[in-house]
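The values are calculated or read from the model by the stated rules, or taken from the named source; none is laboratory data. Given the structure is predicted, the values throughout are model-derived calculations rather than measurements. A quick note on method: Cβ atoms are made from the backbone with ideal geometry, for glycine too, and the neighbour counts reach across all protein chains shown.
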């Protein structure tokens, strides 16, 4: 199929049809009635009513006048993400590069599509951005923050606990904005303070026994304090607690304190701690 738009003069040589959004793509018993072509020569067949129902600006004005096909400037990878999001179809398990996903989010705005709705929890777009968190945690967090995707930012924040904020580039700082940057810093600070308060609390004393008398317990407390002195000043926000028991009765006292501490750390485990979750 030859392309008549000058921008697509060379696309006909390499034209292809989307494997999913093809002429046989049936939704609600209806075949596609709209052909969209990307600059790299990929043809997508979609439903005009579905696009119009999802868009607040007639799909960027592209559907204001009936024409066939419709040529769009976004690459096929970007358009594929857009159409997957509109139709609620999963983009995994083979996600595109993070930069492509970011460009797709920008395009959603251009075409009058609600990112907040399309990237709501459990939606395909939400899962796509979340899939980048283990590999590009700070970038995925900044992307979520930039578009004010609260639930995504909270979820991804668990992956940035160990990130050194002093290495944060100006570009990423600007992208996430002052509110989400402050939340990131406060999250790490809260985790460190909570962990320090936990490990600096000495083991609870217990009645003397033949294997652990008062002197033994005092020696344990001193050893505990010395061992943790270096830890609390070099601890990272991502550190976790490891229990080591020195004597049987203390084994009942110390883990109880650590269990309480674990709960405290769990409260501070994400950006969504109550003190800052609803800051706008």
Check: Taking residue 143, is it part of a helix (DSSP H, G or I) and either without any contact (Cβ under 8 Å) to a residue 60 or more places away in the chain or closer than 20 Å to residue 126 by Cβ (or both)?
Finding: yes
Note to self: Take residue 91 and tell me if it is touching a helix residue (DSSP H, G or I) at 6+ places or on another chain (Cβ under 6 Å), outside any loop (DSSP other than H, G, I, E, B) and touching a residue at least 12 places away in the same chain (Cβ under 8 Å).
What the structure shows: no
Check: How about the range 78-92: which of its residues are buried (at least 18 other Cβ atoms within 10 Å of the Cβ) and at pLDDT 95 or above?
Finding: 78, 79, 80, 81, 82, 83, 84, 85, 86
